[in-house]
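Here's the structure we're looking at; comments come further down.
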Amino acid sequence: MGKGRKWFIPTWTLVAVGLLLNVISALMTNFYIDDATRQANELVQQQQSNEKLITLIWQQVETVERKREHTLELVALSEMQGDVLPKPILEQVIQDLSYWLPNQNVDISVSSISVLMEQLNSVQVEQRDKINQLYLDNLELIAVHAEKMKSISQLRNLALFLQILGLALVLSRDLSRRDYAHR
């Protein structure tokens, strides 16, 4: 039987492959990982923006509720006194309510109070629907962000592996010199 062949890979080939792996790792980090991180940050910013909108819209729901209570108190007070609301107060209340009920006839009287309350209910339902939609959007953003972060983690691990493997191949040059020195 013949003596087995030893495989010999030139040192410069190992060094070149090692350098290539390090360059690939650097390019992955620079282009893919940085871009994915930027996209993940945008998702977080959109989520925070939605949370701020939810807070503002909820404040609007509460404002409409206060307007409703205030209007009911004024109508009840005028009814108890058997007198109509003074014109400046009535005009101011109508102006305030018209902001929430654009293009609708706002009538403040005992006979039309149920219609007015129903109109204000509709405004609050619309606002709550917006809040619900923003909340659902945030849930979706959270899921997309989690997937994006998982992808970033995998890419970082791959880039680190390529760097370590590349470094090992570059260092093989030093080991090769040591082997030649011992011969």
| field | Restricting region 118-136 to residues that are surrounded by 13 or more Cβ atoms within 10 Å (Cβ to Cβ) and among the aliphatic types (A, V, I, L, M), the residue that is farthest from His70 (Cα to Cα) | value | Leu134
| So how many residues does region 106-136 have that are part of a helix (DSSP H, G or I) and either of a type in the set (Val, Ile, Thr) or at pLDDT below 90 (or both)? | 5
| Within region 5-25, can one find any residue that is of a type in the set (Phe, Trp, Tyr) and surrounded by 14 or more Cβ atoms within 10 Å (Cβ to Cβ)? | no
| message | What's the total number of residues in region 71-124 that are in contact (Cβ under 8 Å) with a residue 40 or more places away in the chain and aliphatic (A, V, I, L, M)? | response | 6
| task | Quick one: count up the residues across region 28-55 that are of a type in the set (A, V, I, L, M, F, W, C), surrounded by 12 or more Cβ atoms within 10 Å (Cβ to Cβ) and without any contact (Cβ under 8 Å) to a residue 60 or more places away in the chain. | result | 0
| request: Please verify whether region 154-170 includes one or more residues that are without any contact (Cβ under 8 Å) to a residue 24 or more places away in the chain and either under 30 Å from Trp58 (Cα atoms) or not in a helix (DSSP H, G or I) (or both). | output: no
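The values are calculated or read from the model by the stated rules, or taken from the named source; none is laboratory data. Not measured: the values here are computed from a predicted model. In this analysis, Cβ positions are derived from the backbone assuming ideal geometry, glycine residues included, and neighbour counts consider all displayed protein chains.
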